[in-house]
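**Student:** Can you read through this structure? Questions will come right after.
Each value in this text was obtained by applying a stated rule to the coordinates, not by laboratory testing. Everything numeric in this text was worked out from a predicted model, so none of it was measured. With ideal geometry, Cβ positions are generated from the backbone for all residues, glycine too; neighbour counts draw on all protein chains shown.
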Amino acid sequence: MFPGAAHGWTVRYNEDDPEAVKAAEEAHQDMLNWFDNVFILMDQVALNTNGGGGHVDKIDGLDTYVTGPVNSKLAVLVISDMMGYESPLLRKVADKLANAGYYTVVLDFFYGDPWDPENPDRPIPSWRKITNRFDKTVEDAKHIIEALKGKGVSSVGAAGFCWGGKIVVALSKPGLTKLSPLISLSGVEVPIAILAGELDTICPPERVKQYEQALAAKPEDDPEAVKAAEEAHQDMLNWFDKYLK
């Protein structure tokens with residue numbers, strides 16, 4: 001939980017606000033550390049750190065911002081919020097992952113039609129009804145993961161922001177064929193982390209607490225699950241040690 005942070009602060013912050021930039025960078029670093037820890041548990045490490053400065057290409061027919069070492073065996077699928085894959089701040093996050101050694105892809109799951117906050121004729125409810133992309137995005141993401149593995153990638157992680165977080169949860173459930181608009185963490189079978197903001201009104205702290213309780217239900221007799229949880233707990237402690245003075 002990040003004190004003072006509101007909804008969307010990791011990819012929709014004010015670049016002229018030093019505190020906002022600092023909070024976003026802290027969250028991005030936590031995300032990088034988390035991916036590193038998870039892949040280390042799998043005995044896989046991103047060794048090639050030549051990345052960043054991506055370009056737009058097509059993967060499985062989808063426009064995609066691609067960045068990072070093309071020969072990396074580890075890839076991260078970045079799933080945008082409703083603003084879409086062209087967000088400059090989102091691509092900065094992708095470049096950070098790339099610079100850490102991950103082949104990173106940001107896909108246009110909205111097929112060129114993201115939500116436009118400056119279009120008063122199509123508010124969020126209308127846009128959602130028209131696009132209705134939940135199930136389609138899950139299927140598209142699965143195809144992308146297979147396409148990446150077909151290119152030699154051995155493991156794929158995913159980072160989702162706001163709307164994209166729902167897709168990540170869906171992808172973490174083997175055998176899932178449909179995604180409910182409501183997030184349920186039951187059935188998650190891979191390591192997962194949630195970076196939340198204290199002032200987030202869409203996903204408030206009390207809801208995050210419910211997620212925490214659901215994730216804590218992971219069996220304690222699973223050594224990898226225990227180790228992953230302990231790593232996450234240590235990250236949390238380090239963060240509080242740094243800022244609660």
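**Student:** Leu107 is checked against (1) within 12 Å of Ala75 (Cα to Cα); (2) in contact with a strand residue (DSSP E or B) (Cβ under 6 Å, 6 or more places away or on another chain) and fails just one. What number does that condition carry?
**Tutor:** (1)
**Student:** I'm trying to understand the selection: among the residues of the stretch 150-167, which are surrounded by fewer than 22 Cβ atoms within 10 Å (Cβ to Cβ) and among the β-branched types (Val, Ile, Thr)?
**Tutor:** Across the stretch 150-167, the qualifying residues are Val153, Val156.
**Student:** If I filter the stretch 73-98 down to residues being in a helix (DSSP H, G or I) and in contact with a strand residue (DSSP E or B) (Cβ under 6 Å, 6 or more places away or on another chain), which single residue comes out as farthest from Asp30 (Cα to Cα)?
**Tutor:** Residue satisfying both the conditions and the ranking: Arg91.
**Student:** Sticking with this one: If Gly101 satisfies all but one of (1) in contact (Cβ under 8 Å) with a residue 24 or more places away in the chain; (2) farther than 20 Å from Asp30 by Cα; (3) part of a loop (DSSP other than H, G, I, E, B), what's the number of the condition it fails?
**Tutor:** Status for Gly101: all satisfied but (2).
**Student:** Separate question: Give me the residue from the stretch 121-168 that is closer than 16 Å to Leu77 by Cα and β-branched (Val, Ile, Thr) and, out of that set, nearest to the chain's Cα centre (by Cα).
**Tutor:** Val168
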